[in-house]
Amino acid sequence: MASSFIDKARITVRAGNGGNGVVSFHREKYVAAGGPDGGDGGKGGSVILQVDDNLSTLLDFRYKRKYSAPNGMDGQGARKSGKDGADLIIKVPRGTLVRDAETGEIIKDMSDGEAYILCKGGRGGWGNSHFATPTRQIPRFSKGGTPGQSHDILLELKLLADVGLVGFPNVGKSTLLSVVSRAQPKIANYHFTTLSPNLGVVYVGEGRSFVLADIPGIIEGASEGAGLGHDFLRHIDRCRLLIHVVDVSGSEGRDPVEDFDAINAELAQYSADLEKRPQIVAANKIDVMEDPENLERLRKHVEKLGYPLFEISAAAHQGVDGLMNKVSEQLSTLPPIVVYEPEYVPRPPVIDYSQPLDIQRTDDGVWVVDGPWLQRLMSNVNLNDYESRMYFDRTLRDSGLYQRLEEMGIQDGDTVSLYDYEFEYQR
């Protein structure tokens, strides 16, 4: 495979942590009691994926594997909030599948133009001005920011092409692509000339066009990793129609019927869906055909299977227009390119309850709870959602936090402060 074309990559992404809130009190001449004025911490930067149509490979991810968004800044006095961390934009080619590295589940199919927030930045912690109430006028505590989310992901590029050219190496796929489009693939008379997929746009008539992909030559055993086909079979997944190019010239001593069946067997072994994908058979190199019987045997074989056959010579531009018109006509009856639905369901964070929590009771009766695992828990919980709040409450109970609070003397109606979340305790 050419080093310039990379279609799989594994990377680690981490959003920025939220900044810490600050404890501060207003100090001004002739003002006896200025009150709390500690500002909140800034939000951590999120990691956002964005499609860039100028990219056609995942090469950039071969050399850089870790991506981190900036943290939010800490708050300041005079109610000044810390600066938010800038979002990190990661650009990927259109058609990139984003998978969870551990399970392989699809997180997002980057086939549309919409940006996707892959990891959310941590929330900024509240400064002490946030905790001031009529009964709590001098809060001497603030909150730290929560950690940003992190994720190990697999990026997998599946080309967005309407039609895929398949067949053994050196049967004329690249030549056909160069003739019907403005693509300029490398063409030579030896196997595996094409080392990476090539795309071209075919214009058939007014308002009629489609994207054609030249997939590197598939050989027997490709679905098991032989040759180059294993690396590029995934690029046929989105193609609505296949043009199966078969060399009927006999110049290399190959049997076209055996070649046709061998390629179809590899497609079926790679994916059951590909076995059922519509095909048009292009019998190529008829201008240098040594035995016409090869063509007739292939015609009977494929028509018996229900596939149309076109006689062409890509090099001599013979029969190509009729083939492209048939492709355009058939595409008009086929469903649009496949877009993969997300399968990934975020898992609750693994909580290590053995890490101790710091619990302090302030002078005005607020129970302030802090600790690393509590930070991680809060960064993964949406407290605006009822189900998330119920899960959050169960986790706190299971951790033994409520039991410990009761042992320390908490009373019904006392305020419990967990970062930017406060609630009244009820047994």
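The values are calculated or read from the model by the stated rules, or taken from the named source; none is laboratory data. Note that this is a predicted model, so its numbers are computed, not measured. Here the Cβ positions follow ideal geometry from the backbone for every residue, glycine too, while neighbour counts run over all protein chains shown. Ligands, DNA and RNA are excluded from the accessible area calculation, which covers all protein heavy atoms including side chains. Shrake-Rupley method; radii C 1.70, N 1.55, O 1.52, S 1.80 Å.
Helices in the chain, meaning DSSP H runs of at least 4 residues, each add -39500 (n - 2.57). Divided by all residues, the mean residue ellipticity at 222 nm is -6000 deg cm²/dmol.
Taking a 31 Å limit on the Cα-Cα distance, which of the listed pairs Lys64/Lys120; Lys173/Lys300; Lys66/Lys173 fall beyond it?
Listed pairs above 31 Å: Lys66/Lys173.
What shape does segment 321-394 take by its C-alpha gyration tensor, where a ≥ b ≥ c are the square roots of the eigenvalues and a/c under 1.5 counts as rounded, a/b above b/c as prolate, and the rest as oblate? It is prolate, given that a/c is not under 1.5 and a/b is the larger ratio. Stretched out straight at 0.36 nm per residue, the stretch from Val345 to Lys83 would grow longer than its current Cα-Cα span by 91.2 nm.
Shape descriptor for the chain: Rg over Rh equals 1.20 (Cα atoms; Rh from the Kirkwood inverse mean 1/r).
So how do Met408, Met289, Met324 rank on accessible area, 1.4 Å probe, biggest first, that is with the largest at the start? Mind dumping the intermediate values first?
Numbers: Met408 85, Met289 50, Met324 10 Å².
Reading off the accessible areas and sorting them downward yields Met408, Met289, Met324.
Legend: residues Tyr391, Tyr386, Tyr63, sorted from most to least accessible area (1.4 Å probe; ligands, DNA and RNA excluded), read Tyr63, Tyr386, Tyr391.
Expressed to the nearest 5 percent, the antiparallel share of DSSP beta bridges inside the chain is 60 percent.
Here the label points at Ser271 and Lys66, each 7 Å from Cα along the C-beta direction, are separated by 3.5 nm in the simple model. Per-residue Karplus couplings for segment 110-125, computed as 6.51 cos²θ - 1.76 cosθ + 1.60 with θ equal to phi - 60°, are listed in order as 7, 9, 9, x, 7, 6, 10, 7, 7, 9, 8, x, x, 6, x, x Hz, Gly and Pro entered as x.
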